[in-house]
Each structure stands twice: as C-alpha cells, then as structure tokens.
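Engineer: Here it is, the structure, as structure tokens.
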Amino acid sequence: MDLQETHPLLFDFFAGYFPDADLDGLTDKEVVFRFMEQNTPEIVSETQNALTTLNNDPIVLQNIADEANRYFESSEEIMKWLEMIKETFNTNL
C-alpha cells in the first residue's frame, strides 16, 4: 500500500516536512508550525481532517513513519506520536 496513493495529503505533510527536520534542528512540533505557516488554511484543515480520520492500520502507520523518516518500536508508538501531532494542530488552529 502506497501512502501517496491512499492518503496524498498526509504523504505531502510527512514526506515534505519531517525527513530533514533533524538536520534543521526542528522539533516535531516546530515542523507542524512550519507546515501551518507555509500552507493555505484549506490545506491545513484538510490535512488535519486526514489525520483525525486515520485508522490504526499498521501498514499505513509504518508508511507514515517511513515517509517522516522516523523509527518506532511498534504501531502503538507511532499512534502516540501521531496523537502529539494532532494535538499540535488542535492547539494552533
């Protein structure tokens, strides 16, 4: 399953903003802030909705982790990380 095909907005978000964040010295929360600053309110809202409606499919979760260039021990860890990402969206909209 390809994240770009199944969840194109999430692919753009995770593949476009997260892989180089460590090199730029950005925290994951700062990456979300940057995304929100650089995109239209519509794109931000649609991406937030896509995150909110995401199910716990381990393959999708692993695809997200791979595109974001993050390593997690389990799907549960990925879900905890995604909850932090969602919370960051929620507190900044």
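The values are calculated or read from the model by the stated rules, or taken from the named source; none is laboratory data. Just so it is clear, the model here is predicted, and its values are computed rather than measured. Note: ideal-geometry Cβ built from the backbone for every residue, glycine included; neighbour counts use all protein chains shown. In case anyone asks, the SASA skips ligands and DNA or RNA and just uses the protein heavy atoms, side chains included. Shrake-Rupley method; radii C 1.70, N 1.55, O 1.52, S 1.80 Å.
Engineer: Return the single residue from 20, 28, 57 with maximal mean-square fluctuation; model: Gaussian network over the chain, springs between Cα atoms under 10 Å.
Structural biologist: Looking only at 20, 28, 57, the biggest GNM fluctuation is shown by 57.
Engineer: Add -39500 (n - 2.57) for each DSSP H run of 4 or more in the chain, then divide by its residues: what number comes out at 222 nm, to the nearest 500 deg cm²/dmol? Provide the component values of the computation, followed by the final result.
Structural biologist: Working: 7 runs with 68 residues, N = 93.
Result for the chain: -21000 deg cm²/dmol, rounded to the nearest 500.
Engineer: While we're here: Kirkwood hydrodynamic radius of the chain from all distinct Cα pairs, in Å? Display every interim value, and only then the final one.
Structural biologist: Values: mean 1/r = 0.0758 Å⁻¹.
Across the chain, the inverse of the average 1/r is 13.2 Å.
Engineer: What part of the accessible area of region 1-50, given as a whole %, is carbon or sulfur when the probe is 1.4 angstrom?
Structural biologist: On the way: 1390 of 2940 Å².
Result for region 1-50: 47 percent of the exposed heavy-atom area is carbon or sulfur.
Engineer: Over its Cα atoms, what ratio of radius of gyration to 2.2 N^0.38 Å does region 1-41 give? List each step's numbers first, then the result.
Structural biologist: Working: Rg = 11.0 Å, N = 41, 2.2 N^0.38 = 9.0 Å.
Here the answer is 1.22, to two decimals.
Engineer: Could you check the simple spin-label distance between residue 57 and residue 29, using points 7 Å along Cα→Cβ, in nm with one decimal?
Structural biologist: Each label point lies 7 Å from its Cα, and together they span 3.1 nm.
Engineer: Between residue 22 and residue 87, what is the label-point separation in nm under the 7 Å Cα-to-beta-carbon projection?
Structural biologist: Taking the simple label geometry, residue 87 and residue 22 are separated by 2.3 nm.
Engineer: Also, quick follow-up: In Å², and per residue, what accessible area does the chain have when probed at 1.4 Å with the other protein chains present?
Structural biologist: On the way: 5470 Å² over 93 residues.
Ligands and nucleic acids excluded, the result is 59 Å² per residue.
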